[in-house]
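Where a number appears in this text, it was derived from the coordinates with a stated rule and is not lab data. Worth saying up front: this structure is predicted, and the values here are computed from it rather than measured. In this analysis, Cβ positions are derived from the backbone assuming ideal geometry, glycine residues included, and neighbour counts consider all displayed protein chains.
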Amino acid sequence: MTDSSKPNTDNDNISEASEPPPRDHWVGFDLGGTKMLAAILNQQFEVVARERKRTKGYRGATIGLARMIQAIKDALEEANLQPDRIAGIGVACPGPLNLEKGVILDAPNLGWRRVPVKKKLEAEFGCPVHICNDVDAGVYGEYRFGAGRDSRCLIGVFPGTGIGGGCVFKGELFTGRNSSCFEIGHMPFIPSGPICGCGTPGHLEAVASRLAISSAASAAAYRGDAPNLLENCGTDIANIRSGALRDSIAAGDITVEKIVRQAAQHLGAALSGIIHLLSPDTIVLGGGLVEAMPEIYLTEITKTVRQNLMPAFLKTYTILPAKLGDDASVKGAAAWAQHQSQQST
């Protein structure tokens, strides 16, 4: 005869064993033209594992999505976690996006069109997936964890191969109804100016991006006005990257320094217009050019902004270098996924 007053420890153990593990980690994913980076973040949004792979976008979107999935799985393995520990995935993507449906509409650097990132990753990992523009992700990362923490209105500008920009206003990314925006690099800047990569003349990117700077520096090297650059890089603009420009200036190529300073001044003039329009309290500067030459960029942009502002705006903002580096996009994408998940509950 059994004692009915004795607790049923077997049933208790079964109940405890059947409880699912907590979904207490986030995935941040940065999808770039040449590389992809998956990061696993804990509840404090500290990166606990990373997996980097070549994107190989030329192999098509189907293979690209498979590589994204594998990168996340490899990062989970490194963190010693199962997929059922993931609370959500945030993906920083290039190109025009349908944010609501989680679709990359067109990513020219990858050759991808109408790629259902959200649908594929949700089916694979069984958790919410949210996508955002790659620059927006970096700006949101700086808002949550970096130089622009807790700003009311944060503007981020990232000059590199192109010029990316983003805005966080009262804790929300500034977007269109269904798509990203804030394409500061494609602001008309010089009427009938040089042709931008998008095919339109006179955009800011055409005179202030790293590609524009490298082109002008290459011409200077060819003319003999940048001997150090010519010796170390030749005239192929593919070799004249941010670090090469910095080294050329440090070695005494005055013409290259003038080219870089003028590009920074163009950025400052464009930012003065943004300040008049939105009155941000913080402006964060990042990207390869700023990281390589922070003193030149901060000095020239600060000076040019002040020269072009109405007096009432002169003491309303702070210009700061970005803090997070390569982690900005993965942290921002993961934090944006968390924010979106909270909004939907």
Between Asn109 and Ser279, what is the label-to-label distance in nm when each label sits 7 Å out along the Cα-to-Cβ direction? 3.5
Long-range HN-HN contacts of Asn133 with modeled amide H, under 5 Å: Cys93
Using each residue's phi in segment 120-135, evaluate 6.51 cos²θ - 1.76 cosθ + 1.60 at θ = phi - 60° and report the 3J(HN,Hα) Karplus result to the nearest Hz, with x for Gly and Pro. 5, 6, 5, 5, 7, 10, x, 9, x, 10, 10, 10, 8, 4, 4, 6
Counting Lys +1, Arg +1, Asp -1, Glu -1, what net charge surrounds Gln342 among other residues with beta carbon under 14 Å of its beta carbon? +1
So what's the net charge close to Glu142: Lys and Arg +1, Asp and Glu -1, counting the other residues with Cβ under 13 Å from its Cβ? 0
How large is the helix-only mean residue ellipticity at 222 nm for the chain, computed as the sum of -39500 (n - 2.57) over DSSP H runs with n ≥ 4, divided by its residue count, in deg cm²/dmol to the nearest 500? -13000 deg cm²/dmol
Which value in nm describes the separation of the simple spin-label points at Ala123 and Lys258, placed 7 Å from the Cα toward the beta carbon? 5.9
Percent antiparallel among DSSP beta bridges confined to the chain, rounded to 5, stands at 60
I'd like to know which of Gly141, Gly95, Pro294 lies farthest towards the positive end of the charge dipole of the chain, counting +1 on Cβ of Lys and Arg and -1 on Cβ of Asp and Glu. Gly95
Which ³J(HN,Hα) values, rounded to whole Hz and listed in residue order, are derived for segment 297-304 from phi using the Karplus coefficients 6.51, -1.76 and 1.60 in 6.51 cos²θ - 1.76 cosθ + 1.60 with θ = phi - 60°, glycine and proline given as x? 5, 5, 5, 5, 5, 4, 5, 5
Rounded to whole Å and sorted largest first, list the principal axis extents of the Cα atoms in segment 149-321. 49, 32, 27
Pairs of alpha-carbon atoms within less than 8 angstrom and 6+ residues apart define the contacts here; what relative contact order does segment 149-321 have, in percent? 23
Between [x] 29, 51, 15, 4, 1, 0; [y] 28, 54, 18, 0; [z] 30, 56, 13, 0, which matches P(r) over Cα pairs in 20 Å bins from 0, in percent calculated for the structure shown? [x]
Please name whichever of Leu278, Pro201, Ile213 sits farthest to the positive end of the charge dipole of segment 149-321, dipole taken about the Cα centre and charges placed at Cβ: Lys and Arg +1, Asp and Glu -1. Leu278
Along the Cα→Cβ direction, 7 angstrom out, place labels at Leu298 and Met310. What is the inter-label distance in nm? 2.9
Springs between alpha-carbon atoms under 10 Å, Gaussian network over the chain: tell me which of Pro194, Pro22, Pro108 tops the mean-square fluctuations. Pro22
Run through segment 259-345 and list the trypsin sites (Lys or Arg not before Pro) located in a DSSP loop whose Cβ has at most 16 other Cβ atoms within 10 Å. Lys315, Lys323
Expressed in angstrom and rounded, the centroid-to-centroid distance over alpha carbons for segment 304-345 and segment 250-302 is 16
Provide the per-residue ³J(HN,Hα) series for segment 59-66, in order, calculated from phi with Karplus coefficients 6.51, -1.76, 1.60 and θ = phi - 60°, each as a whole number of Hz, with x at glycine and proline positions. 7, x, 5, 4, 5, x, 5, 5
The chain, dipole about Cα centre (Lys/Arg Cβ +1, Asp/Glu Cβ -1), debye to the nearest 20: 940
Under a point-charge model restricted to the Cβ atoms of Lys and Arg (+1) and Asp and Glu (-1), what is the dipole moment magnitude of segment 28-80 relative to its Cα centre, in debye to the nearest 20? 400
How high is the relative contact order of the chain, in percent, counting Cα pairs under 8 Å that sit 6 or more residues apart? 19
For a quick check: with amide H placed at 1.01 Å from N, whose amide H comes under 5 Å from Gly88's, ignoring anything fewer than 5 positions away on the same chain? Val27
Using the structure shown, select from Lys35/Lys303; Lys118/Lys331; Lys53/Lys258 the pairs with a Cα to Cα distance greater than 28 angstrom. Lys35/Lys303; Lys53/Lys258
For Ala49, residues with placed amide H under 5 Å, excluding near neighbours: Ile40
